[in-house]
Amino acid sequence: MSLSKPIVNESVFVRASSNFALQRGRKALPLFKGFVRYGLSDCVNLDLRQQCDRSHSSVEGNLINELPDHILVSILSRLDLKEAARTAVLSHRWRNLWKFTTRLVFDNSLLVWAILRGDLVKSLQVERSRFINWVNNALESYQGTSLDEFKVCFDVDEESCKLDIDGWIIFALEKRVQRLHLDFSRSSTYFSYGSYTLTTQFLSNYSISSLKVLRLVSVEVTSEVVEYMLSMCPLLEALVVKGSDSLSHIKVYDPSLKLKSLEILYCSNLKYIEISSTNLVSFAYGGQKIVAAINNVPHLVEASFSGECAGLLARNMFIFSELVSQLQVLELDLEGEGRRTFRNCPKLKNLKHLELRVSGDTAPSLLSCANLLKVSPLLHRFTLKVSGLADSKIYRPVKEKEIKKLHPHLKVIEFSGFVGRIVDVELLLCLLKRASSLKKLVIEPCTHYFFEKRIECKDSELLRKARTRAKQLETRLPPGAELVIL
């Protein structure tokens, strides 16, 4: 098979892709031209082609080839797009099946992250051009009539890529996409701002009523755009807006809305949020202090807070006692928010999973984190993500607190960032004493998270010592509990 020749009949190919090509105002390109750089060439090597030739008859006759096309397309839709495209080499029948997949995911965010951290020295302009060609060529080849999911994640900017981005969104909307995810986070800064502007004028030209999930990261949207999308998407169940400086307020109050999940993260000019939604199940907010009115949310059981507002909530949890007392899952990101004691907390009578993210580099003790167990009688899972423990300078004997009350419902403890310093060892010893019915202790040594990105430890000696110290905790486990070191 030669990559320089189209794999399908050219007349059929041009007809299938003509709408998208016309939108972009240029000629349809040969199939797979953009895949050479992004993975297809890895599979279309000589060994694989020879293997496929040798086993051609067995492939044609095996059980999977007895399945109808729509079942095979359903299977391919569960694969990564690059993996699905690689199946084109298996046989004549498989050649075009991937073009009907109902999921189109173009995600090169790991490359953006590597460039941002300095782990990878690459020309962003060159990589951006390759990414755009990859997306455009795949869309020109696509022959399906509808999409369950369309996702684009890369550093693309409005100035040079607006026509391409417009074309991608139009393509997805015309395919009646149900889950649309646009992430244009910049590789030049941790604090991403909108790289593309979405307007009501643009959206009003197309039907968006098929959307069930909409995630907009580093996409500029105004409050009017958000209200328009909420009013025109009767099936919308999940909305995420992250890194939009144009957003000033959010109002969610239509009782007919099916919205179950709402995330508003790091929109620097947001002033207030007003929510009254009987169907809302999950809410996340990250950023500066704002005015918030959250009422009539009887089904809200999951909440996540980060940034300044998380510190405000931790200091004044009694003020929000009616809200937090109904939660079953609570995440608090308190990194950079200083020392927290959690001494005056209302009873979290329904809480089953608590996740805390704290900084351990300057903390004299982390034992205050255990105070939340006292007000969470039904807690089943406790997750701790602690950063900076490798830099902890606390030198003193480990304090083993006297435990007056056990916690019989706590089954799972997860600790990410464990190093084996004084502060993390004594916290785990305290938790292990409380958790009389513990089933599993999961320790992820030295790892920490930055803006939701998992960062692994590069210090092999530090990692070795942390694993050794974690292993020593096995003797302190309650009977029947399992230690898992990742």
For this session: Starting from residues that are loosely packed, with under 15 Cβ neighbours inside 10 Å and of a type in the set (S, T, N, Q), keep the ones in segment 441-486 and report whichever is modelled with the lowest pLDDT.
Result: S460
For this session: Can you run down the residue pairs with Cβ atoms below 9 Å, 6 or more apart or on separate chains, where the first is in segment 246-267 and over 25 Å from G307 (Cα atoms) and the partner is of a type in the set (K, R) and in a loop (DSSP other than H, G, I, E, B)?
Result: K258/K212
Exercise. Considering segment 235-252 alone, what residues qualify as being basic (K, R) and crowded, with 18+ Cβ neighbours inside 10 Å?
Worked result: K242
Exercise. Is there a residue being surrounded by fewer than 17 Cβ atoms within 10 Å (Cβ to Cβ) and at pLDDT 85 or above anywhere in segment 398-410?
Worked result: yes
For this session: Tell me which residues, restricted to segment 316-339, are under 17 Å from G286 (Cβ atoms) and at pLDDT below 85.
Result: F320, E335, G336, E337
For this session: Within segment 256-270, identify whether any single residue is in a strand (DSSP E or B), modelled with pLDDT under 95 and β-branched (V, I, T), and answer yes or no.
Result: no
For this session: Please specify each residue of segment 253-274 satisfying the condition of being crowded, with 21+ Cβ neighbours inside 10 Å and of a type in the set (V, I, T).
Result: I264
Exercise. If you check every pair at least six apart or on different chains, which have Cβ atoms under 6 Å apart with a residue in segment 286-297 that is over 11 Å from Y272 (Cα atoms) first and a residue that is modelled with pLDDT of 90 or more and among the aromatic types (F, W, Y) second?
Worked result: G286/Y266; G287/Y266
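The values are calculated or read from the model by the stated rules, or taken from the named source; none is laboratory data. Given the structure is predicted, the values throughout are model-derived calculations rather than measurements. A quick note on method: Cβ atoms are made from the backbone with ideal geometry, for glycine too, and the neighbour counts reach across all protein chains shown.
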